[in-house]
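Derivation of every value follows stated rules applied to the coordinates shown; laboratory data play no part. Since we're looking at a predicted model, the values are computed, not measured. When we count neighbours, we look across all protein chains shown, and the Cβ atoms used for this are built from the backbone with ideal geometry, even at glycine.
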Amino acid sequence: MTEGKRNIIQGLLQEYDIETADDIQAALKDLLSGTIQEMLEAEMDDHLGYAKYERSSQNNSRNGTKSKRVRSKYGEFEVDVPQDRESTFEPKILPKRKKDISEIEDKIISMYAKGMTTRQISETIDDIYGFEVSEGMISDITDKLLPQIEEWQNRPLSAVYPIVFIDAIHFSVRDDGIVRKLAAYIVLGINEDGKKEVLSIVIGENESSKFWLSVLNSLKNRGLRDILILCSDGLTGIKEAISTAFPATEQQRCIVHMVRNTLKYVANKDMKAFAKDLKTIYTASDEPAALKQLDAVTDKWAPMYPSAMNRWHDNWDAISPIFKFSKEVRTAFYTTNAIESLNSSYRRLNKQRSVFPSSQALLKSLYISTNEITKKWSMPIRNWGLVRGELVIMYPGRMPD
């Protein structure tokens with residue numbers, strides 16, 4: 001330790017009568033507020049070109065102060081921000097409208113978005129800044145997002161979404177001391193400009209036609225009037241709900257899920273070859289060719305995996321609509337890019353947190369994570385012009401002009 005630092009510490013001990021760690025925090029807060037106050041005064045001197053109490057021939061001059069409450073890592077305190085008569089003073093140390101110089105809340109929310117637990121966040125803040133943030137305070141900070149989440153979940157939607165995907169990610173959530181698996185259902189829409197939008201996030205437990213009808217009706221209540229194609233896995237009750245809420249909507253079984261569910265029955269050593277054969281089905285030139293490939297793939301793999309292809313035969317009516325489109329357009333329905341980038345972000349939450357303390361905590365994490373990833377969604381999906389052109393022909397009068 002240098003001699004200068006020793007002198008500063010001795011001065012602190014004498015000035016503030018420090019006896020405890022809390023006294024140190026109070027002293028540092030007082031010093032910080034005093035330092036900022038002095039820096040504001042120095043900035044004003046530089047702005048005006050003369051020091052306080054000096055005479056000047058300039059038109060602009062000091063015009064009192066305005067009290068401002070500031071939040072810092074040492075707590076809250078008041079400073080008196082100097083004002084000038086022409087209102088041209090723009091302080092740099094404490095910019096206008098900025099009241100938090102710690103940026104702790106933003107960092108906490110960012111860590112929450114990465115799936116860190118309140119305890120992990122508290123420990124990280126302590127490691128970085130050297131002071132403790134209670135788990136309760138972290139919950140209070142993230143709870144400030146709840147009104148935003150409610151507003152986001154109820155925001156108005158466009159009248160038409162040509163393509164909508166519904167997918168489920170499962171999380172472990174603690175409820176009354178019991179850990180249960182809950183599904184977060186993500187409703188992702190492709191709007192008329194070909195851009196992706198997360199329309200809703202619904203945390204549920206039991207799939208049923210009643211559950212899905214309530215989800216779809218909530219979208220209708222927010223202004224959604226038509227969906228041309230809805231892609232999903234075989235979610236229980238969703239087919240009946242779609243027929244009721246959006247009777248003109250064509251249901252398309254998600255090819256990505258079909259492939260995944262098929263490969264669950266396949267040994268690792270055969271997965272690559274099996275997936276390659278499956279691709280010959282959904283990339284076939286038309287439905288007759290696809291049916292021919294379906295039979296060929298089934299015959300080839302049935303001796304080793306007799307049940308693997310059952311889903312393809314049982315759900316062919318929900319798979320076959322894809323074949324009326326060109327190969328380029330089909331990728332809009334079975335490409336992994338549309339929803340997989342979103343899912344990978346959600347899966348990172350599962351890696352960080354084995355159990356969420358509540359369904360509300362899960363919703364907060366999903367919302368923050370969604371908000372982060374959707375900031376990058378500025379471009380339409382690939383080949384949207386071609387996709388839109390075919391949709392206009394296939395579904396006349398239903399696409400916006």
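The table that follows gives values for the structure above.
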{"item": "Ranking of E207, E372 by count of other Cβ atoms within 10 Å, fewest first", "result": "E372, E207"}
{"item": "Dipole moment magnitude, nearest 20 debye, region 159-394 about Cα centre, only Lys, Arg, Asp, Glu C-beta charged", "result": "820"}
{"item": "Distance between region 198-228 and region 48-97 - C-alpha centres, whole angstrom", "result": "52"}
{"item": "Cα gyration tensor category, rounded, prolate or oblate, for region 159-394 with a/c compared to 1.5", "result": "oblate"}
{"item": "Positive-pole candidate from V392, A273, N315, dipole of region 159-394, charges at beta carbon", "result": "A273"}
{"item": "Order of M258, M399 under a 10 Å beta carbon neighbour criterion, fewest first", "result": "M399, M258"}
{"item": "Where a label projected 7 Å from the Cα of S341 along Cα→Cβ would reach, residues of region 353-394 with amide N under 15 Å", "result": "370-384"}
{"item": "Inter-label distance, nm, simple model (7 Å from Cα along the C-beta direction), E90/A159", "result": "4.3"}
{"item": "Proximal charge balance of E41 [Cβ under 11 Å; K/R count +1, D/E count -1]", "result": "-3"}
{"item": "Label-point gap, in nm, between N268 and E240 - each point 7 angstrom along Cα→Cβ", "result": "4.1"}
{"item": "Point-to-point label distance, H313-R97, nm (Cα→Cβ direction, 7 Å offset)", "result": "6.5"}
